[in-house]
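Asks: Have a look at this one before I ask anything.
The values are calculated or read from the model by the stated rules, or taken from the named source; none is laboratory data. All values reported here derive from a predicted model rather than from experimental measurement. Note: ideal-geometry Cβ built from the backbone for every residue, glycine included; neighbour counts use all protein chains shown.
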Amino acid sequence: MNPTENSNVKAKERFIENKLGKVYYDENDVMIFPRGIPGFEILHRFIVYKSKETEPIKWLVSVEDKNCVLPLIEPFLVRIDYKADISEGDILDLNLTRKSNVEIYCVLVIPEEAERTTINLVAPIVVNLDEKIGKQVILTTDEYGVKHMVSDEIKRSEELIAKRAKQRSEGEPKSAGFDQKNK
Amino acid sequence: MLVLTRKTNESIIINDNIIIKIFDIRDNSVKIGIEAPRAVRIYRKEVFDAIQKENIKAAAKIKTGIKAKEIFGKIAGKRKQ
């Protein structure tokens, strides 16, 4: 067998068997969470697993503990005007610069009755893809809490989308030039 | 744990660069001012505890993910339009 092929096979050989089944991953996909995440402080190695079956829900998967598998969602899909003002301390921890490739996710709690799923908007999982560092940051805002009903948030976002669309169509003659970009 | 007694307007200094001052003591609550470098993270502990609790509750199976994804479908589609 040629050595290149062999190393490719090796790279894909890593997997963890957890509630999602056999999750294969590449060592390059592993993000280091130096302080773990609240509730799982002793775990430091995670991947963001993108399952076709559950898209747009993704998963924060610990590659060290099969019990730590958390469903994630991009917060902007739930609250279209979501804002994450990351504190200076967290920027330092995550080694963030203006050019960093960053992904932001929020943790979902999915109960038996899936319609009652909640989202934690106050503590997003932020990953710096360049440095392979991740952290669950805590935003210092009173606007977000740990438990927002997803259905309420989506309803709010839909209303906001409708309101903006209405404003756009009413204000069209004036702002036609600016609108071009969005179409 | 170190326990100190302080009066209104008295302070303590931690690590040379963090000052904690007692502003007001009334009934069952204390108003505290904290002066610290910007990189120091300060949270109410109950927020931290709540996050911990939610993370532990969040741990889920793939089946629940398949069930729950439907509720996001609608808005994801709308955003693309």
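Asks: Report every pair of residues separated by at least 6 positions or lying on different chains whose Cβ atoms are under 7 Å apart, first residue within the stretch A:40-55 and within 11 Å of another protein chain (Cβ to nearest Cβ), second among the aromatic types (F, W, Y).
Replies: That search, which allows pairs on different chains as well, returns A:Y49/A:W59; A:S51/A:W59.
Asks: Can I ask one more? Within the stretch A:137-157, how many residues are among the hydroxyl-bearing types (S, T, Y) and not in a helix (DSSP H, G or I)?
Replies: 3
Asks: Condition test on A:E17, is it surrounded by fewer than 21 Cβ atoms within 10 Å (Cβ to Cβ) and within 22 Å of A:I154 (Cα to Cα)?
Replies: no
Asks: Is there a residue in the stretch B:36-53 that is modelled with pLDDT of 90 or more, in a loop (DSSP other than H, G, I, E, B), more than 7 Å from chain A (Cβ to nearest Cβ) and under 14 Å from A:T140 (Cβ atoms)?
Replies: So far as the stretch B:36-53 goes, yes, one or more of its residues are modelled with pLDDT of 90 or more, in a loop (DSSP other than H, G, I, E, B), more than 7 Å from chain A (Cβ to nearest Cβ) and under 14 Å from A:T140 (Cβ atoms).
Asks: Does the stretch A:64-81 contain any residue that is under 16 Å from the mean Cα position of the chain (by Cα), touching a residue at least 24 places away in the same chain (Cβ under 8 Å), under 21 Å from B:F48 (Cα atoms) and assigned to a helix (DSSP H, G or I)?
Replies: yes
Asks: Separate question: Please find, within the stretch B:30-67, the residue that is farthest from A:E88 (Cα to Cα) out of those that are among the acidic types (D, E) and surrounded by 12 or more Cβ atoms within 10 Å (Cβ to Cβ).
Replies: B:E54
Asks: If A:I91 meets every condition in (1) more than 11 Å from chain B (Cβ to nearest Cβ); (2) free of Cβ contacts under 8 Å to residues at least 24 places away in the same chain apart from one, which number is that one?
Replies: (1)
Asks: Sort through A:V30, A:V61, A:V23 and tell me the only one that's more than 30 Å from B:V40 (Cβ to Cβ), modelled with pLDDT of 90 or more and more than 7 Å from chain B (Cβ to nearest Cβ).
Replies: A:V61
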